[in-house]
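Just so it is clear, none of the values below were taken in a lab; they were calculated from the coordinates. The model shown is predicted, which means the values in this text are computed figures rather than measured ones. All Cβ positions, glycine included, derive from the backbone under ideal geometry; neighbour counts span all protein chains shown.
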Amino acid sequence: MKSTESIPAETLIKAALELSAKVESMTFAPPVSHVYNPLAYAWAPHEIYLRRFGSKLKKVIFIGMNPGPFGMVQCGIPFGEIAAARDWMGIEAAVDKPAQENPKRPIEGFACTRSEVSGRRLWSLFQQRFGTAEAFFTENFVANYCPLAFFENGRNLTPDKLSLAERTPLYAACDEHLRTLVAALEPQWVIGVGSFAEARAAEALVGMSVRIGKVLHPSPASPAANRGWMEAATRQLTALGLWQ
């Protein structure tokens with residue numbers, strides 16, 4: 001008989017595999033030139049992440065938008081700055097290649113030397129505040145709303161830029177996955193990392209007993225984030241009553 005502590009991780013793994021299978025069958029028209037699903041080709045490190053850090057109930061789930069080109073796209077970890085995943089979380093595993101690799105965005109796995117700035121900022125804040133990954137993940141978890149990365153040749157496309165006909169089934173699958181995640185981990189709060197994730201969480205989780213909040217997205221494309229993201233996020237989380 002499984003311990004109750006192992007049930008959320010098994011639920012998360014099953015849900016991630018189901019989400020991966022659903023989005024794998026979806027097609028996307030130009031300007032989308034390439035679609036990456038790290039839940040497929042980078043499943044090995046992602047499963048380690050779920051087993052290691054999704055095995056207990058949480059107080060807060062932080063939700064990002066979708067994988068970044070030098071983060072989860074490379075290593076299968078949400079906001080997956082390589083150094084944070086490998087050196088702070090202690091996760092490293094083999095990463096395969098997507099069926100159609102974008103020559104302008106090659107998959108190098110944990111050998112990727114480019115920094116995922118959003119991930120570096122996010123995980124640096126948590127490392128600074130909690131010290132160890134184990135301490136952070138005791139009550140917190142990080143996930144992405146959408147598992148797919150979209151490219152227009154070398155340019156990153158976010159899910160909100162897709163056509164309505166493409167977004168509708170994609171969002172339906174992602175909403176269902178998010179509800180499963182929340183039901184399994186029973187958080188008090190879901191914090192959207194950025195306005196898109198906050199809005200999707202608010203819509204997907206209607207009727208569920210969870211509070212929704214937001215922190216500024218740490219993207220280098222955001223002037224506000226570039227003026228001191230860690231300080232801004234700390235102020236927002238303190239204002240919500242989550243941090244002292």
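Out of residues 5 or more away from Arg211 or on other chains, whose amide H comes under 5 Å of its own, with H placed 1.01 Å from N in the peptide plane?
Trp189, Val190
Take peptides 170-180, 144-154 and line them up by average Cβ neighbours within 10 Å, highest first, as a rough protection proxy.
Working: 170-180: 19.2, 144-154: 21.5.
Sorting 170-180, 144-154 by mean packing, highest first, produces 144-154, 170-180.
Can you compute the helix-only [θ] at 222 nm over the chain? Use -39500 (n - 2.57) per DSSP H run of at least 4 residues, normalise by all residues, nearest 500 deg cm²/dmol.
Numbers: 10 runs with 103 residues, N = 244.
Only helices count here, giving -12500 deg cm²/dmol.
Collect residues whose amide H, placed 1.01 Å from N in the peptide plane, falls under 5 Å from the amide H of Phe62; neighbours closer than 5 in sequence don't count.
Hits under the 5 Å cutoff: Phe141, Val142, Ala143, Ile191.
So what are the chain's ellipsoid semi-axes, whole angstrom, largest first, if each one is the square root of 5 times an eigenvalue of the alpha-carbon gyration tensor?
Working: eigenvalues 120, 84, 76 Å².
Each semi-axis is the square root of five times an eigenvalue, giving 24, 20, 19 Å.
Can you list the HN-Hα couplings for segment 149-156, worked out from phi with the Karplus curve (6.51, -1.76, 1.60; θ = phi - 60°), rounded to whole Hz and with x for Gly and Pro?
Rounded to whole hertz, the list is 10, 10, 10, 9, 6, x, 9, 6.
Enumerate the amide H contacts of His34 below 5 Å, restricted to partners 5 or more residues apart or on another chain; note that Pro and chain-start residues carry no placed amide H.
Answer set, sorted by chain and number: Phe151, Asn153.
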